[in-house]
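S.K.: What follows is a structure written as structure tokens; I'll ask about it next.
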Amino acid sequence: MISRKVWGIPLHILLPSVCLFSIAAFFGLALIVEHQSDLRLIAEIDRTSSELQSTGTEIASIKDGNLQGMNDYISAYAQIEPLQTKYDHELEQLIALYRGAQDRSSHRSAMSKWFYGKHHPKTWEDMSEIIALVQAISAVNKREISVVRAMASLPEPERIQFWHQEFMPLSAQEQALREQLLAAGRRGSQ
């Protein structure tokens, strides 16, 4: 029997070794690429979350300002309106990123699940609840803006009644949603 050798290594040892090394290198490279992609997605989620939080803080600081009369509210909500549009855009971006991350997490390969850990559906459920509450608060804010804009067109004597009938229920609804959001955030962080 003639034994063929390459670089002094028998061919029956070299070929399987090269194949195993190639397979290991392929999976290693795939994990590295997937990890880099995950890092980019996480960075994008962090950036968008930060922008959203900054815009939300700006809106809250205007709402929490020293608003005493109807004209103060009209002026404040005129400032909030473009910020709300920006906030909605940032929220939609964040939702798209989270959906992409959730999809990626649920469809990981067996090798990725072994290396990075399993899919955590409870985490995604908690985040979905938080996002739904933030969307509901945003919808209430938009209705508040519309109510204040409509109130601005009313004569001064009619504004107070309109305020109590139209704006105050929205304000109470927003406060209840904010309390639910805080509770959901606490549950999610436990």
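The values are calculated or read from the model by the stated rules, or taken from the named source; none is laboratory data. No experiment lies behind these values; they were computed from the predicted model shown. Glycine also receives a Cβ, built like all others from the backbone with ideal geometry; neighbour counts cover every protein chain displayed.
S.K.: For a quick check of your reading of the model, give me the residue pairs whose first member lies in region 39-64 and is touching a residue at least 40 places away in the same chain (Cβ under 8 Å) and surrounded by 12 or more Cβ atoms within 10 Å (Cβ to Cβ), whose second is part of a helix (DSSP H, G or I) and of a type in the set (Lys, Arg), with beta-carbon atoms closer than 8 Å and at least 6 apart or on different chains.
M.R.: Close Cβ pairs satisfying both conditions: Leu41/Arg104.
S.K.: OK, next. Answer yes or no as to whether Ile62 is at pLDDT 90 or above, among the β-branched types (Val, Ile, Thr) and in contact with a Leu (Cβ under 8 Å, 6 or more places away or on another chain).
M.R.: It is true that Ile62 is at pLDDT 90 or above, among the β-branched types (Val, Ile, Thr) and in contact with a Leu (Cβ under 8 Å, 6 or more places away or on another chain).
S.K.: Could you grab me the full set of residues in region 161-190 that are among the basic types (Lys, Arg) and surrounded by 13 or more Cβ atoms within 10 Å (Cβ to Cβ)?
M.R.: Passing the criteria: only Arg178.
S.K.: Hey, among the residues in region 111-160 that are assigned to a loop (DSSP other than H, G, I, E, B) and surrounded by 14 or more Cβ atoms within 10 Å (Cβ to Cβ), which one's modelled with the lowest pLDDT?
M.R.: His119
S.K.: For Ser54, work out the one condition from (1) within 21 Å of Ile145 (Cβ to Cβ); (2) of a type in the set (S, T, N, Q); (3) at pLDDT below 90 it doesn't fulfil.
M.R.: (3)
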